[in-house]
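Read through the structure below, which is laid out as structure tokens, and then see the notes.
No value in this document is a laboratory result; all are computed from the given coordinates. Everything quoted here is computed from the prediction, not taken from an experiment. In this analysis, Cβ positions are derived from the backbone assuming ideal geometry, glycine residues included, and neighbour counts consider all displayed protein chains.
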Amino acid sequence: MEYLIHILIITGIYIILTLSLNLIVGFTGLAALGHIAFACIAAYTSSLLALNLGISPWIGLLLGAILAAFLGMVIGLPSLRLKGDYLALATFGLGIIVYSIAKNWVSLTRGPMGLPGIPPFSLLGYEISSVWSYLILVLTFVLITYLAIRNITNSPFGRILKGIREDEIATLAMGKDVNKYKLIVFVVGAFFAGIAGSLYAHYIAFIDPSSFTVMESITVLLMVVFGGMGSLKGSIVGASILVVFPELLRFLGMPSSIAAPLRQMIYGLLLIILMVWRPQGLLGRFKFK
Amino acid sequence: MIQQLILNGIIAGSIYVLVALGFTIIYRTVKFFHFAHGVVFAAGAYFAYTFFILFNTNPLISFLLSVCLASLLGIAIDRFVYYPLRKNNAPNLVYLIASFGVFIFIQNLLQLIFGAQILTLRTGPIKEGHHILGAVITDIQILIIVVSFILFLLTYLFIQKSKIGNAIRAVSDDPIGARVVGIDSEKIILTAFAIGSAMAGVTGILISLETNIEPTMGLNAILKGMIASIIGGIGSIPGAILGGLFLGLAENLGIWKIQAGWKDAIAFGILIIFLLLKPSGITGIKTEKEQI
């Protein structure tokens, strides 16, 4: 049972990541491939603050998300000049740079040794350490993220984002400051991805750079594309299926030396199949341009 | 110290040049980032391992067989993944993402078959290198530099002088015009994949003589090869050479002052600076479909 709840918590964290990436990729049409970098920087921020300075994880969560949002602005800057696959490469590169910092700035992050013993959240004197209470915490944040991104995308602001995706020059011609909107989208997306990163760190209580590789970014992108570009329900469905389904491999009694590559192979195959036959995903209506 | 760093830079650069050359030949005909090129490179090394170590085949025959198989793998990727996308008129980004899919799939297939541990093609003990101008260089490293130079010359002559090379340039410059004069662009694309992937295979085998074989080796290779092509000028063969050597030297001279772990960060830092300031690269050739 505890294992089942654990899977649900991980699913919740991935849903937050997928929803926030969908805002950037699905709704605004910006090909961002470095999404896990935001989670990485926030996870390290709140963990280090809690471990070294004894700051409450709640404040760490907020500060981490703000720092991630700031990084979002930096990563968003290339999107003002680059499009399509070139933007994908630039954001991919920034993702690798962040990973490289986490791995090599040993005096701060302890590098590949990772940070053990990250304290859990506590509320009114009670520690949120049981899986049930943590599930409620994560689901609350999933709900907040969902509502926030739904409201953003259903507003006039969201219509401008879709305008940028469908025809950037027409949007520009209507007098909208396209660059400003692109940056805001990156900042908001990065903020929520940062929350997901902190939630992960305080749940697992241990982080190291290997949790934040570029392959993770591609996995999150797969979840967005699989569920459907520009579809919030799709993101929830996509992340859930792609987290839960590989776990079934374990129930079939496969050792992890087989299950781990097999899971990745399924992800790879799914990416190819989606791109060839259904680029709009399960529930989406929009394709890459 | 500085001599050794420059030499290391040239050796690393030669490897990047080889990856970038294969990548560039393919890019010229299809005009998208064939990311899975890196996994063809890794597969080449594993093919060689299978023939040479597991089946004890003669080194030369193992080498030729592996290069042929790598070439076939490249063709298969184009047939089964990119060809349907071409029929759909997919945008470049879709190719790139599908290519990531191919990469992840084959890399993990290799890991499933051969395991995640490090393998090697070396059979004898490691020989001491030669001392030249205050730097140490091994036989394999000399081989890498020589092969990369020969392959560069051959590729350049092939693209500039041969009939197929002419057709590749024609398809690259103007696909519709090429079709009008009777060039079968599908055949040219297959030829480009065959040659480019064979070069990836050669590079994979060379690097596994120098270092080791592991499933993840393709990622670093394609990232560096792609960065080299972009900073040299995407689609340009002299650009691939300049970009590869520039990247190799910059990384290795960079770690003179900074720790070695920062190589990747340096490489991507250079890429991002180029993308933002001079997206057409060192040689400055602008391709028609360039979106920047």
Show which aspartates and glutamates lie in cross-link reach of A:LYS182 when reach means a straight Cα distance below 19 angstrom and same-chain residues fewer than eight apart are skipped.
A:ASP85, A:GLU166, A:ASP167, A:GLU168
Regarding chain A, what are the three Cα extents along the principal axes, ordered largest first, in Å?
53, 44, 36
What shape does the range A:100-157 take by its C-alpha gyration tensor, where a ≥ b ≥ c are the square roots of the eigenvalues and a/c under 1.5 counts as rounded, a/b above b/c as prolate, and the rest as oblate?
oblate
If I take every Cα pair under 8 Å that is 6 or more residues apart in the range B:231-281, average their sequence separation and divide by the length, what percent do I get for the relative contact order?
44 percent
Using only the Cα atoms, work out Rg/Rh for the range B:1-120, with Rh taken as the Kirkwood radius, to two decimals.
1.03
For chain A, take the longest principal axis of its alpha carbons; what is the angle in degrees between that and the long axis of helix A:256-277, to the nearest 10 within 0 to 90?
10 degrees
In debye to the nearest 20, how big a dipole does the range B:28-162 give about its Cα centre with +1 on each Lys and Arg Cβ and -1 on each Asp and Glu Cβ?
480 debye
For A:PHE121, list long-range residues whose amide hydrogen, built 1.01 Å from N in the peptide plane, is under 5 Å from its own amide hydrogen.
A:ILE128
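Taking only C-alpha pairs under 8 Å that are 6+ residues apart, what is the relative contact order of the range B:129-286 in percent?
Working: 123 pairs, mean separation 25.8, N = 158.
Reported relative contact order: 16 percent.
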Go through A:SER129, B:ALA250, A:SER107 and say which Cα lies farthest out towards the positive end of the charge dipole of the protein assembly as shown; charges sit on Cβ, +1 for Lys and Arg, -1 for Asp and Glu.
B:ALA250
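Any chance you could list the semi-axes, whole Å, largest first, of the equivalent ellipsoid that the Cα gyration tensor gives for the protein assembly as shown, using √(5λ)?
For the protein assembly as shown, the ellipsoid semi-axes come out as 39, 29, 23 Å.
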In nanometres, the difference between 0.36 nm per residue of separation and the alpha-carbon distance of B:LEU60 and B:ASN88 is 5.9 nm
Classify the range B:1-62 as rounded, prolate or oblate from the Cα gyration tensor: take a ≥ b ≥ c as the square roots of its eigenvalues, call it rounded if a/c is under 1.5, otherwise prolate when a/b beats b/c and oblate if not.
oblate
Enclosed volume per residue, in Å³, of the convex hull spanned by Cα atoms of the range A:184-289:
130 Å³
Per residue and in cubic angstrom, what volume does the convex hull of the Cα atoms of the range A:147-207 have?
84 Å³
Over chain B, relative contact order from alpha-carbon pairs under 8 Å, at least 6 apart, %
37 percent
Using θ = phi - 60° and the Karplus curve 6.51 cos²θ - 1.76 cosθ + 1.60, what whole-Hz ³J(HN,Hα) does each residue of the range A:221-236 get, with Gly and Pro shown as x?
4, 4, 4, 4, 5, 5, x, x, 5, x, 10, 5, 4, x, 4, 5
Net lengthening on full extension, A:ILE55/A:LEU139 (0.36 nm per residue, minus Cα-Cα)
27.9 nm
What does the average come to when, for each residue of peptide B:269-282, you count the partner chain Cβ atoms lying within 10 Å of its Cβ?
3
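With +1 on each Lys and Arg Cβ and -1 on each Asp and Glu Cβ, and nothing else charged, work out how big the dipole of chain A is about its Cα centre, in Debye to the nearest 20. Mind showing how you got there, number by number?
Values: 18 positive and 10 negative charges, 155 e Å.
Value, rounded to 20: 740 debye.
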From largest to smallest, what semi-axes in whole angstrom does the range B:2-216 give when each is the square root of 5 times an eigenvalue of its alpha carbon gyration tensor?
32, 21, 15
Greater than 20 Å apart at Cα, pairs in A:LYS162/B:LYS87; A:LYS83/B:LYS187; A:LYS162/A:LYS233; B:LYS31/B:LYS263; A:LYS83/B:LYS87:
A:LYS162/B:LYS87; A:LYS83/B:LYS187; B:LYS31/B:LYS263; A:LYS83/B:LYS87
